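**Student:** Here's a structure for you.
All of the numbers you see were taken from the coordinates with simple rules; none came from a lab. Just so you know, these numbers come straight off a predicted model, no measurement behind them. Note that we place each Cβ from the backbone using ideal geometry, even for glycine, and neighbour counts take in every protein chain shown.
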Amino acid sequence: MNSILEQAKSLYSLEDCTFTPVSGHEGGRNQIVTVSRNGEKQYVLRVSALGDRCEEEYLAETEFVHYLAEHGAPVADVIPSVRGRLAESMEADGKVVYISLFAYAKGMLLADNGYRYREGAPLSEYFFNTGKALGAIHRLSKAYAPVHRRPDYFDKYNMESLSRLIPYEYGELKTAIAKRLEAFRALPVDKNCYGLVHFDFSDGNYHIDMDTGVITVFDFDNCMNCWYMFDLANLWIHNEGWTRQETDPGKRFALMRQCFDLQLQGYKTETDLPEDMMEKLPLFIDMVLIENIADELECCAREGEDPDWEDIEDAAECLIQEVLYAGIGQQY
């Protein structure tokens, strides 16, 4: 790591900065280092060494983020190297490593504030601003003309790939997923509903300015060409964390819908989606569940561990039993 940081100092003129590695989270793909100057965090250096992505994918991601930032989206911009590149490669320990430097997003993670929103402001503001930030990203994505290409949804999420991940004995789950994939393939893919999306839009990937409530989004590492509804469905699923204290399924469903409706209000100040797409929210919630299952199995395979099926049991049962996420047997 020291040799990588020394090269990064030269590539980004960071000789007078302090580098602080950040402890990785479970399933994390990259090594993250905060870069401070005069005691103030200014940048985030991302080091990608897994070797499962090519230069084109890193360029495609960083070009998209830079485009979003230049056009006013609330995202942490990519900082070009002294050579004008948004993603740099180098060799370390006999393998190719990719690095990129990002502006440090103003504010803090909601988790680092004990999941307390900013003092004196209603929680409704948070949900509204979350939807608005996502809407700005999608609005600009609809007009984006990429130079380099990120994967499309079916490049990764197809039965051939998923069958290799899911053990043979989970036949019911494979059948349920195959049924959803068939439905996904029938969806339209025009520019009004399909394009580059964040694909991991959650409170772990944006900071909140606790003075203003402004959200700054980062970590587009998983971005891909997919339906914009995927990111919205991911918001729906994460709203379960705000409502899990309610044990009555009907009341919990109502609370989740209330959170989501506030997010949609913010989203629609920036852009909109065809009504027939909005009506398919349950289908896209299932799409997110499939991604969650695949991600858990991929992480275990990468670490050489056996999957803990308790971690994905709820998602699997929702797919098999055709129940809306969180065990709520009501249609949205």
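**Student:** Show me 134-140, 32-38 ranked by packing, highest mean number of other Cβ atoms within 10 Å first.
**Tutor:** Taking the mean over residues of other Cβ atoms within 10 Å, the ranking is 134-140, 32-38.
**Student:** Work out, in µm²/s and without decimals, the Stokes-Einstein translational diffusion coefficient of region 2-103 at 37 °C, 0.692 mPa s, Rh from Kirkwood over C-alpha pairs.
**Tutor:** Translational diffusion coefficient: 233 µm²/s.
**Student:** Still on this structure, I have one more. In deg cm²/dmol and to the nearest 500, what is the mean residue ellipticity at 222 nm of the chain if only DSSP H runs of at least 4 residues count, each as -39500 (n - 2.57), divided by the residue total?
**Tutor:** That calculation yields -13500 deg cm²/dmol at 222 nm.
**Student:** Over 10 Å intervals from 0, what percent of Cα-Cα pairs in region 111-321 sits in each interval?
**Tutor:** 7, 32, 36, 21, 3, 0
**Student:** Still on this structure, I have one more. Show which lysines lie in cross-link reach of Lys280 when reach means a straight Cα distance below 25 angstrom and same-chain residues fewer than eight apart are skipped.
**Tutor:** Lys132, Lys142, Lys156, Lys174, Lys179, Lys191, Lys251, Lys268
**Student:** So what's region 65-127 giving for Rg/Rh, alpha carbon basis, Kirkwood Rh from the mean inverse pair distance?
**Tutor:** Using only Cα positions, Rg/Rh for region 65-127 is 1.16.
**Student:** Separate question: For labels at Val82 and Asn192 in the simple 7 Å Cα→Cβ model, what's the distance in nm?
**Tutor:** Distance between label points: 5.0 nm.
**Student:** Now for a separate question. Given R₀ = 22 Å, what would the calculated FRET efficiency be for Cys54 paired with Val147, taking r from the Cβ atoms and rounding to 0.05?
**Tutor:** Computed FRET efficiency for Cys54 and Val147: 0.90.
**Student:** What's the angle, to the nearest 10 degrees (0 to 90), between helix 123-141's Cα axis and the longest principal axis of the chain?
**Tutor:** 70 degrees
**Student:** How far apart, in nm, are two points set 7 Å out from the Cα along the Cα-to-Cβ line at Val96 and at Thr175?
**Tutor:** Once both label points are built, they end up 4.4 nm from each other.
**Student:** Could you tell me how many degrees, from 0 to 90 and to the nearest 10, lie between the Cα long axis of helix 228-238 and the main elongation axis, the longest principal axis, of the Cα atoms of the chain?
**Tutor:** Once rounded, the angle reads 80 degrees.
**Student:** On a 0 to 90 degree scale, rounded to 10, what angle separates helix 281-303 from the longest Cα axis of the chain?
**Tutor:** Helix 281-303 sits at roughly 50 degrees to that axis.
**Student:** Measure out, as a whole number of angstrom, how far apart the alpha-carbon centroids of region 75-100 and region 242-273 sit.
**Tutor:** For region 75-100 versus region 242-273, the Cα centre distance is 39 Å.
**Student:** While we're looking at this one, here's another question. Could you order the peptides 109-117, 171-179, 211-219 from most to least packed, using the average number of other C-beta atoms within 10 Å per residue?
**Tutor:** Ranking the peptides 109-117, 171-179, 211-219 by packing returns 211-219, 171-179, 109-117.
**Student:** Please sort 222-229, 93-100 by packing, taking for each peptide the average over its residues of neighbouring beta carbons within 10 angstrom, highest first.
**Tutor:** 222-229, 93-100
**Student:** A further question on this structure: Across region 102-109, in residue order, what do the Karplus-derived ³J(HN,Hα) couplings come to in whole Hz, using 6.51 cos²θ - 1.76 cosθ + 1.60 with θ = phi - 60° and x for Gly and Pro?
**Tutor:** Working through the residues one at a time gives 10, 5, 6, 5, 5, x, 8, 5 Hz.
**Student:** Could you list Met90, Met287 so that the one with the fewest beta carbons within 10 Å of its beta carbon is first and the one with the most is last?
**Tutor:** Met90, Met287
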